[in-house]
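Structure first, then comments.
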Amino acid sequence: MRKNIPLVNLTKMHDFLSTKINLEINKIIKSNNFLNHKIINRLENKFAKLNQSKYCVAVSNGTSALSLALEASGIGVGHDVITTTNSFFSTYESIIHVGARPIVIDVNENDLTLDANLIEKYITKKTKAIIPVHIYGKPVDMNKIIKISKKYKLLIIEDCAQSHFAKFNKKFVGNFSLASAYSFYPGKNIGGFGDAGCVVTNNKKVYQKIKSLRDHGRVDKYKHQYVGYNYRIDAIQAAVIHLKLNYIFKWNKHRRDLARIYTQELKKVNDLILFDYTNENIENVFHLFVVSVKKNNLRNSLIDFLKINGISAGIHYPIPIHLQPPVLKKLKRDSFPVMNYYKDKILSLPICPFTSKSDVKYVTSKIIKFFNIKS
């Protein structure tokens, strides 16, 4: 029987939570307090506690979170910030927003995270920070990055937009840096009913500055210590995210269970590349399960075949940062051989807390069938 398997099943998730979500939203509506409701503070405290961090500041979205993390850490005009080409464009533009210059580098072929072995090649006197992106839910190898940051006295700002409660060396990501940014975009491991995000830090001064900057630089209702921004989170988003935090560890475990099935079944397919998503040092939260076809021109055919069979697949991201129009004119296209190789071959398969194990087995059976047809 033909199934309907979305990439992320938000419908089932919100059907499951609807009664509790409606109750929380109605409380906010009745309060008429949409921007300073106590639920915002409760969300911040809960996220910080679960992440074993000292402080959390909830903000309007993941992009503003990263910009605030950079600005509050003292990064701005005249500084270079090293990051990866394999990320959403907001990683790049957040650096631009604070007046710094992004230095974009290639990924390693094992898991498409930032290639730490390339970092030292790009360090100059202007280099101020490194932004490792824990892409797809897998932590970057922080040992190498921390070693480099200490050697050259660089700051680390983590982009955790896809890695809520992932672990490296038994420590939650977001705690390896001066500040780290998270996204609560609806499709993330924890998502709101619109845009939202947060910044996590263990530094009190950074925390206090971010808290002020997100709200017009205020330190009191009509006293503005800084020229800030309107980057506040609203209470309805905070309520939805706060509720979902009750389920996140169970949901992340389910994602790992699904990833094991994908890996077990798809390792039989010689025409697919499976990336190194698991090892003893990490706990991946599988925001995405990304694979790569080996042969050129097969990805679109595979996506079409899956669609015919009721399966949605995605591409994250079809145009890497170094090939985006505002970036390409500043960089050498050939400096990114790994990402250039994989950009037309990778695809994301359905995975979320409401994707079932039988769904994954159905997806893998169709992928196996596709390659049997093509061989």
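The values are calculated or read from the model by the stated rules, or taken from the named source; none is laboratory data. Everything numeric in this text was worked out from a predicted model, so none of it was measured. Neighbour counts run over all protein chains shown; Cβ positions are idealised from the backbone, glycine included. Keep in mind that these areas ignore ligands, DNA and RNA; they rest on the heavy atoms of the full protein, side chains included. Shrake-Rupley method; radii C 1.70, N 1.55, O 1.52, S 1.80 Å.
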Here the gain from full extension of D276 to K49, 0.36 nm per residue of separation minus their alpha-carbon distance, amounts to 78.7 nm
Calculated FRET value between K151 and V219, using beta carbons and R₀ = 51 Å, to 0.05:
0.85
Whole angstrom only: what separates the Cα centroid of region 120-199 from the Cα centroid of region 240-289?
19 Å
Counting only the heavy atoms of the protein chains, how much of Y277 is accessible to a 1.4 Å probe, in Å² to the nearest 10?
20 Å²
Kirkwood calc, region 33-116, C-alpha pairs only, radius in angstrom 14.8 Å
Strictly greater than 12 Å: what percent of every Cα pair in region 299-347 meets that?
66 percent
Taking springs between alpha-carbon atoms closer than 10 angstrom, which of K151, K167, K46 fluctuates most in the Gaussian network model of the chain?
K151
When every alpha-carbon pair in region 146-194 is counted, what percent end up more than 16 Å apart?
48 percent
With the dipole of region 191-305 worked out from charges on the C-beta (+1 for Lys and Arg, -1 for Asp and Glu) around the Cα centre, which of A238, F305, Y277 lies farthest toward the positive end?
A238
Accessible area per residue in Å² at 1.4 Å probe, computed on region 64-183:
34 Å²
Shape call for region 64-208, from the Cα gyration tensor axes a ≥ b ≥ c (a/c under 1.5 means rounded, otherwise prolate when a/b beats b/c, else oblate), comes out rounded
Please state, rounded to one decimal and in Å, the Kirkwood hydrodynamic radius that the chain gives when every pair of distinct Cα atoms enters the mean of 1/r.
21.4 Å
Return the Rg/Rh value of region 64-105, two decimal places, where both radii are evaluated on C-alpha atoms and Rh is the Kirkwood radius.
0.93
Length gained if S31 through Y226 is fully extended, taking 0.36 nm per residue and subtracting the Cα-Cα distance, is 67.2 nm
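So, counting K/R as plus one and D/E as minus one, what does the shell of residues with Cβ under 15 Å around F176 add up to?
With Lys, Arg at +1 and Asp, Glu at -1, the neighbours total +4.
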Quick one: putting +1 on the C-beta of Lys and Arg, -1 on the C-beta of Asp and Glu, what dipole do you get for region 178-234 around its Cα centre, in Debye to the nearest 20?
300 debye
Which pairs, out of K128/K211; K126/K205; K27/K223; K343/K366; K49/K167; K54/K121, put more than 26 Å between their alpha-carbon atoms?
K27/K223; K54/K121
Straight-distance crosslink candidates among aspartates and glutamates, where the alpha carbon sits under 14 Å from K209 and sequence neighbours closer than 8 are dropped
E71, D220
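Placing unit charges on C-beta atoms (Lys and Arg positive, Asp and Glu negative, everything else neutral), compute the dipole magnitude of the chain about its Cα centre in debye, rounded to 20. Can you show the working numbers first?
Details: 58 positive and 28 negative charges, 116 e Å.
Dipole of the chain, to the nearest 20 debye: 560 debye.
So for region 217-312, what percent of the C-alpha to C-alpha distances run longer than 21 Å?
The share of Cα pairs beyond 21 Å in region 217-312 comes to 60 percent.
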For region 1-100, whose charge dipole is built from +1 on Lys and Arg Cβ atoms and -1 on Asp and Glu Cβ atoms, the candidate among T84, A100, I25 with its Cα farthest towards the positive end is I25
Need the C-alpha centroid separation for region 294-332 versus region 9-47, integer Å.
35 Å
For region 247-349, dividing by residue count, accessible area per residue (probe 1.4 Å) in Å² works out to 49 Å²
Surrounding charge for G78, neighbours by C-beta under 13 angstrom, Lys/Arg +1, Asp/Glu -1, total +3
Work the Kirkwood hydrodynamic radius out for region 234-371: mean of 1/r over every pair of different alpha-carbon atoms, inverted, in Å.
16.9 Å
About its Cα centre, how strong a charge dipole does region 168-322 have in debye, to the nearest 20, once Lys and Arg get +1 and Asp and Glu get -1 at the Cβ?
460 debye
Share of carbon and sulfur in the accessible heavy-atom surface of the chain [1.4 Å probe, %]:
50 percent
